[in-house]
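Asker: Before we start, here is the structure in question, set down as structure tokens.
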Amino acid sequence: MGAARTPARVTEPREVDLRDRLATCQRDSPFPDPGQAEPPGLLAWGGELSVERLLSAYASGIFPWFDEPPILWFSPDPRLVLLPSQLHVGRTLRRRIAAREYTVRFDTDFEGVIRACSKTPRPGQEGTWIGSDMIDAYCELHRLGVAHSAEAYFEGELVGGCYGLSLGRAFFGESMFARRSDASKVAFVELVQQLEEWAFDFVDCQLHTDHLARFGAVEWPRDRFLEALARTLDGPTRVGRWS
């Protein structure tokens with residue numbers, strides 16, 4: 001099953017182990033214990049979106065989410081998680097994928113994806129939480145080879161996609177957008193299937209949504225998530241452009 005997809009590989013294939021750098025980020029982390037987070041997961045505020053601070057955050061089970069300063073850092077309990085082997089694809093979406101309406105690529109236009117996500121209206125939200133500082137920070141993570149995008153194209157035009165970070169054997173999903181029906185869903189399915197081929201442990205979906213639950217994502221207690229995260233960070237990080 002699958003849309004037309006460029007075979008996924010790492011440009012100049014390499015599996016780079018970032019454990020030392022991540023260990024340093026965790027050891028020198030500016031964040032408090034995630035167990036101290038207040039409902040619905042707010043842990044800290046302030047700081048900046050530097051590469052090292054973002055690596056410290058994700059390696060500690062924390063992510064930024066804010067619409068205006070100060071930066072807010074969250075570690076929710078429970079945490080929504082998708083195991084790649086448990087991905088559920090509904091009948092209608094399976095038919096659309098089988099029709100090969102979209103071509104899916106990885107890391108062809110990361111900036112285009114994150115900018116499109118920043119302009120996508122969200123139910124119950126005013127404005128966007130993906131501001132210019134967030135875009136700049138995650139584009140820098142992409143240039144370093146740890147942030148990635150999955151993109152759906154229709155007749156050569158970018159019409160949907162999603163992006164996130166890859167550390168160890170975990171993928172931290174951030175946001176998605178669609179300009180045509182099911183375009184982001186097709187890109188997400190192709191991404192998760194590729195992560196399963198690469199033996200990733202889980203996709204961090206952060207907070208519960210019905211949309212992600214329909215794909216098979218389930219809620220884990222924060223303690224369980226943090227234990228799984230610590231194990232997966234022992235594995236090598238697939239660094240570089242996924243193409």
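The values are calculated or read from the model by the stated rules, or taken from the named source; none is laboratory data. Bear in mind that the values here come from a model prediction, so they are computed numbers and not experimental data. Counting neighbours? That spans all protein chains shown, and the Cβs are built from the backbone with ideal geometry, glycine included.
Asker: Name the pairs whose Cβ atoms lie under 7 Å apart, with the first residue in segment 43-65 and not assigned by TED's automatic domain parsing to the domain that holds GLU174 and charged (D, E, K, R), the second assigned to a helix (DSSP H, G or I) and modelled with pLDDT under 95, and 6 or more positions between them or separate chains?
Answerer: GLU52/CYS25
Asker: While we're here: If you scan segment 90-117, which residues turn out to be in contact (Cβ under 8 Å) with a residue 40 or more places away in the chain and either outside the structural domain of ALA152 (by TED's automatic domain parsing) or assigned to a loop (DSSP other than H, G, I, E, B) (or both)?
Answerer: GLY90, ARG100, GLU101, TYR102, ASP107, THR108, ASP109 - these are the residues of segment 90-117 that are in contact (Cβ under 8 Å) with a residue 40 or more places away in the chain and either outside the structural domain of ALA152 (by TED's automatic domain parsing) or assigned to a loop (DSSP other than H, G, I, E, B) (or both).
Asker: Determine, yes or no, whether VAL81 is in contact with a Gly (Cβ under 9 Å, 6 or more places away or on another chain), assigned to a strand (DSSP E or B) and within 23 Å of LEU195 (Cβ to Cβ). Working first, answer last.
Answerer: Numbers: in contact with a Gly (Cβ under 9 Å, 6 or more places away or on another chain): no; assigned to a strand (DSSP E or B): yes; within 23 Å of LEU195 (Cβ to Cβ): yes.
So VAL81 does not fit the description; no.
Asker: Count, please, the residues in segment 60-103 that happen to be farther than 19 Å from PHE172 by Cα and among the hydrophobic types (A, V, I, L, M, F, W, C). Spell out how you get there, then give the answer.
Answerer: First, the residues of segment 60-103 that are farther than 19 Å from PHE172 by Cα: 67-70, 89-103.
With among the hydrophobic types (A, V, I, L, M, F, W, C) added as a condition, the list becomes 89, 93, 97-99.
Qualifying residue count for the region: 5.
Quick grid of which residues meet (1) closer than 21 Å to GLU111 by Cα; (2) among the hydrophobic types (A, V, I, L, M, F, W, C); (3) crowded, with 20+ Cβ neighbours inside 10 Å:
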residue	(1), (2), (3)
ALA150	yes, yes, yes
ALA170	no, yes, yes
SER184	yes, no, yes
VAL192	yes, yes, yes
PHE202	no, yes, yes
HIS208	no, no, no
THR232	no, no, no
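Asker: In addition: Can you confirm whether segment 181-203 contains a residue that is at pLDDT below 95 and either within 20 Å of LEU55 (Cβ to Cβ) or touching a helix residue (DSSP H, G or I) at 6+ places or on another chain (Cβ under 6 Å) (or both)? Outline the logic, then answer.
Answerer: So the first thing to find is which residues in segment 181-203 are at pLDDT below 95, and the list is none.
Within segment 181-203, not a single residue is at pLDDT below 95 and either within 20 Å of LEU55 (Cβ to Cβ) or touching a helix residue (DSSP H, G or I) at 6+ places or on another chain (Cβ under 6 Å) (or both).
Asker: Okay, next question. Mind listing whichever residues of segment 35-55 are under 17 Å from LEU165 (Cβ atoms) and surrounded by 22 or more Cβ atoms within 10 Å (Cβ to Cβ)?
Answerer: Within segment 35-55, LEU54, LEU55 qualify.
Asker: Where residues in segment 213-235 are within 15 Å of LEU165 (Cβ to Cβ) and not in a helix (DSSP H, G or I), which of them is modelled with the highest pLDDT?
Answerer: So the residue we want is LEU233.
Asker: Right, something else. For segment 6-24, does any single residue satisfy the condition of being at pLDDT 95 or above, among the polar types (S, T, N, Q) and either crowded, with 21+ Cβ neighbours inside 10 Å or under 16 Å from LEU191 (Cβ atoms) (or both)? Spell out the reasoning first.
Answerer: Step one: list which residues in segment 6-24 are at pLDDT 95 or above, which gives none.
So far as segment 6-24 goes, no, none of its residues is at pLDDT 95 or above, among the polar types (S, T, N, Q) and either crowded, with 21+ Cβ neighbours inside 10 Å or under 16 Å from LEU191 (Cβ atoms) (or both).
Asker: Run GLU227 past the list (1) closer than 23 Å to PHE74 by Cα; (2) acidic (Asp, Glu); (3) touching a Pro at 6+ places or on another chain (Cβ under 8 Å) and report the number of the one that doesn't hold.
Answerer: For GLU227, the exception is condition (3).
Asker: Check off (1) in contact with a helix residue (DSSP H, G or I) (Cβ under 9 Å, 6 or more places away or on another chain); (2) not assigned by TED's automatic domain parsing to the domain that holds LEU87; (3) not small (Gly, Ala, Ser) for CYS162 and give me the number that stays unchecked.
Answerer: So the condition that CYS162 fails would be (2).
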